[in-house]
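The values are calculated or read from the model by the stated rules, or taken from the named source; none is laboratory data. Values in this document were obtained by computation on a predicted structure and should not be read as measured data. Cβ sites come from the backbone with ideal geometry, for glycine too, and all protein chains shown count toward neighbours.
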Amino acid sequence: MNFLANNWFTNAESEEIEITEEEIQDYQLPQEVLSMQCVQFILNWIENRKLFNDTLKTYSEKLWLDYYTVISAILWEQLRISCKWYRGELKDIIVKWTPTLFRSYDISVWIAWLKLWTANKIKRDAIEYWYGDELKKYALTENLIATDDELSAKLAAYLVKNIIYRRELSWYDISNDVWVIGTLYNMWNPKEKAPHENPQIGWSIIDINGYKFAYWELSLWVYNYLKSKETE
């Protein structure tokens, strides 16, 4: 599994696509994609990885974030990698691997899919933005990020907070724009990506069972799906 990720065996290509406001409000995966075992694996994991999930909920509340926005920003990459590797001899590994999710050391690490330099940037930004004292106690390493579910969840929550807060400083409120947050999470909130009124949301295109999705589309679908399950 590490060999595939570390040598860039992915199913993503760069491309921009557009979606209307109406489609955003009720975006769903086709049923044949939703029913795939690689997709269900990720959805089942949410409840099985208790420490990560509980920490994510705690820090979402602490940082005044919507938990569903944070978890949806994380899981697009897990959906991509599980459905990419859900082939041949790897199929049994994925199906039987719950509740563990994927990790890679040369690209990005563990559940939140963060590079070490990204994790350090999250820490620096959160401290600069006044709410990151919790992260000061961590001397971040790849091994720590890869083995500590609680820390991984905290970093993911702080990254989403940094994305939203940085734009608040420029008087742009994107806290409800799940598709934009999902895109910026994918890009690690780069400083050169200046906040503006109409942020671009097109990014890499992922093929799942013959359907093409942008990362942000998967984030938006996860958000809509989990919110709908909440009301059932």
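List of remarks:
- Residue match in segment 24-34 (condition: modelled with pLDDT under 75 and either within 15 Å of the chain's Cα centre (by Cα) or outside any loop (DSSP other than H, G, I, E, B) (or both)): yes
- Looking only at segment 156-208, and only at residues there that are polar (S, T, N, Q) and not in a loop (DSSP other than H, G, I, E, B), the one that is modelled with the highest pLDDT: ASN162
- Qualifying residue in segment 84-107 (condition: touching a strand residue (DSSP E or B) at 6+ places or on another chain (Cβ under 6 Å), under 25 Å from THR183 (Cβ atoms), among the hydroxyl-bearing types (Ser, Thr, Tyr) and modelled with pLDDT under 90): no
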